[in-house]
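Notes to accompany the following structure.
The values are calculated or read from the model by the stated rules, or taken from the named source; none is laboratory data. Here the structure is a predicted model, which means the values were calculated and not measured. All Cβ positions, glycine included, derive from the backbone under ideal geometry; neighbour counts span all protein chains shown. All accessible areas refer to the heavy atoms of the entire protein, side chains included, with ligands and DNA or RNA removed. Shrake-Rupley method; radii C 1.70, N 1.55, O 1.52, S 1.80 Å.
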Amino acid sequence: MPRVFVTRQIADEAIDMLRARAEIKVWEEDRAIPRDRLLREAADADALLSLLTERMDDELLDAGKNLKIVANMAVGFDNFDVPALTKRGIIGTNTPGVLTETTADFALA
């Protein structure tokens, strides 16, 4: 079963969906995960679910020898070193469009 590390607390429904398909470990504190801890967790993970606060760079990707995907729960991907991901054949994803309706609602308000 794949091992997924989630770098922040997310909705229970999302965790439940992941648990049905993978072994899940979540950073439970209400703050960004310290870099040294993230590097240790990446070493045991097949996938990371992160926010923009975590850099997906050479150092992290070297630590995560088994990583197959890094998923950004954010619209952007400025925290991704795309060439480093590509070089290693690791998939990087984000959530484009997730804020479109919210932004439109805000603009209209």
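So, counting K/R as plus one and D/E as minus one, what does the shell of residues with Cβ under 12 Å around Ala22 add up to?
Overall, the nearby charge balance is +2.
On the full set of protein chains, 1.4 Å probe, figure out the accessible area of Thr95 and give it in Å² to the nearest 10.
My reading of the accessible area for Thr95 is about 50 Å².
Just to verify a number: FRET efficiency for Met17 and Leu39, C-beta to C-beta distance, R0 = 25 Å, to 0.05?
Once rounded, the FRET efficiency stands at 0.40.
Charges at C-beta only: +1 for Lys and Arg, -1 for Asp and Glu. How large is the resulting dipole of the range 22-109 about its Cα centre, in Debye rounded to 20?
Using Cβ point charges on Lys, Arg, Asp and Glu, the range 22-109 gives about 260 debye.
Can you compute the helix-only [θ] at 222 nm over the chain? Use -39500 (n - 2.57) per DSSP H run of at least 4 residues, normalise by all residues, nearest 500 deg cm²/dmol.
-9500 deg cm²/dmol
Could you point to the label whose value was computed as Cα extents along the principal axes in Å for the structure here, given (1) 31, 29, 21; (2) 47, 31, 25; (3) 61, 21, 17?
Matching the structure shown: (2).
Over the range 6-64, what is the mean sequence separation of C-alpha contacts under 8 Å (at least six apart), divided by residue count, expressed as relative contact order in percent?
40
Which order do Ile24, Ile91 take by accessible area at a 1.4 Å probe, largest first?
Greatest to least solvent exposure: Ile91, Ile24.
Where in the range 12-32 is the amide nitrogen less than 19 Å from a point lying 7 Å along the Cα-to-Cβ axis of Asp46?
15-27
Apply the Karplus parameterisation 6.51 cos²θ - 1.76 cosθ + 1.60, with θ equal to phi minus 60°, to every residue of the range 65-82 and state each ³J(HN,Hα) to the nearest whole Hz, in sequence, with x for glycine and proline.
My calculation for the range 65-82 gives 4, 9, 4, 10, 8, 10, 10, 9, 7, 6, 5, x, 8, 4, 7, 9, 8, 4 Hz in order.
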